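For reference, the structure discussed in these notes is given below.
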Amino acid sequence: MYHQHPVESLDPEEVADLPEERTLLVQVTSRALFEQAHPPGAVLVEPEHLIANVPPAPGKLPDPEQLSDLFSAIGYDADKRIVALDAEGGGWAGRFLWTLDVIGHHDWAYLDGGLHGWHQAGLPLYQGIDDIEPTPVALTISSDPTAEREAVLAGIDNPDCLIWDVRSAEEFAGLRSGSIRSGHIPGAVNLDWELLKHPEQPFRLCQSLEEIAQSLGLMQAADIITHCQTHHRSGLSYLVGRLLGLPIRAYPGSWAEWGNRDDTPIEIS
């Protein structure tokens with residue numbers, strides 16, 4: 001099984017104290033928001049550059065050439081620690097951090113609270129966007145953090161594997177769907193990604209993540225596969241799994257792939 005490197009969640013003040021020369025701060029938001037506000041020294045990754053955007057499963061990984069172009073454009077340095085933030089509570093930052101695991105860069109952390117937390121901490125925000133000197137990159141793509149459809153199918157009947165669906169309860173029950181078919185993968189457990197966020201500070205992580213994971217059976221699982229509709233919301237559940245040190249993988253095809261096929265098993269409850 002895939003054994004992952006330890007990672008951590010940092011408060012804004014902790015991130016502000018990191019040595020600039022050894023840290024790359026990545027803000028995963030729209031260009032418009034980045035130009036309006038970003039921490040000093042941060043670089044921009046736009047969410048659309050993290051996905052293949054090819055129907056019926058737009059959330060799949062871009063091809064290696066696209067990924068190389070992205071990491072070159074942000075000045076990627078394999079020797080730096082990368083800290084990611086977003087403006088929504090962890091979905092897009094988590095998707096980017098999963099991408100780091102895919103390229104074998106495990107020295108990363110999450111800025112808890114994101115852009116909002118940085119601002120609330122009274123830390124400086126810059127406007128505009130600076131030119132970045134592209135860096136030469138040679139990426140190696142690892143399949144370890146990823147579960148493709150065949151692995152999910154195999155996981156259904158494997159008692160050591162737990163499939164974690166972080167769509168809404170309505171989507172899970174089959175009451176609504178972003179795909180042709182509705183319902184959920186047989187045997188999956190469901191927890192809406194919003195419940196991983198702090199109930200009173202929605203841009204921060206919930207403080208009882210370990211208890212939540214325990215209640216879902218995640219702490220005992222030998223293999224966890226998480227998904228949503230397009231592996232955006234499950235960017236957060238993947239991040240949470242990594243922070244808890246769990247053996248988690250992501251299914252980037254997600255329900256967009258599963259629910260648009262006619263040969264995948266589905267439960268409705």
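Only the coordinates and a few stated rules stand behind these numbers; no lab work does. What you see is a predicted model, and the numbers here were worked out from it, not measured in a lab. Cβ: placed from backbone, ideal geometry, glycine included. Neighbour counts: every protein chain shown.
Determine whether the range 214-226 contains at least one residue that is in contact (Cβ under 8 Å) with a residue 40 or more places away in the chain, surrounded by fewer than 20 Cβ atoms within 10 Å (Cβ to Cβ) and assigned to a helix (DSSP H, G or I). Yes, the range 214-226 contains at least one residue that is in contact (Cβ under 8 Å) with a residue 40 or more places away in the chain, surrounded by fewer than 20 Cβ atoms within 10 Å (Cβ to Cβ) and assigned to a helix (DSSP H, G or I). Within the range 39-57, is even one residue touching a Leu at 6+ places or on another chain (Cβ under 8 Å) and on the phi > 0 side of the Ramachandran plot? Within the range 39-57, one or more residues are touching a Leu at 6+ places or on another chain (Cβ under 8 Å) and on the phi > 0 side of the Ramachandran plot. When residues in the range 58-71 are screened for being surrounded by fewer than 16 Cβ atoms within 10 Å (Cβ to Cβ) and not charged (D, E, K, R), 2 of them pass.
Restricting the range 18-40 to residues that are over 20 Å from Arg81 (Cβ atoms) and charged (D, E, K, R) leaves a set whose member that is nearest to the chain's Cα centre (by Cα) is Arg31.
The set of residues from the range 40-57 being buried (at least 17 other Cβ atoms within 10 Å of the Cβ) and closer than 18 Å to Tyr76 by Cβ comprises Ala42, Val43, Leu44, Val45, Pro47, His49, Leu50.
Only one entry in Ile132, Ile141, Ile82 is surrounded by fewer than 21 Cβ atoms within 10 Å (Cβ to Cβ) and within 19 Å of Thr23 (Cα to Cα), namely Ile132. Out of the range 186-226, which residues are within 17 Å of Asn158 (Cα to Cα) and in contact with a helix residue (DSSP H, G or I) (Cβ under 8 Å, 6 or more places away or on another chain)? Scanning the range 186-226 gives Pro186, Gly187, Ala188, Val189, Leu218, Met219, Asp223, Ile224, Ile225, Thr226. State yes or no: is Glu194 within 14 Å of the chain's Cα centre (by Cα), surrounded by fewer than 16 Cβ atoms within 10 Å (Cβ to Cβ) and not in a loop (DSSP other than H, G, I, E, B)? Spelling it out, Glu194 is indeed within 14 Å of the chain's Cα centre (by Cα), surrounded by fewer than 16 Cβ atoms within 10 Å (Cβ to Cβ) and not in a loop (DSSP other than H, G, I, E, B).
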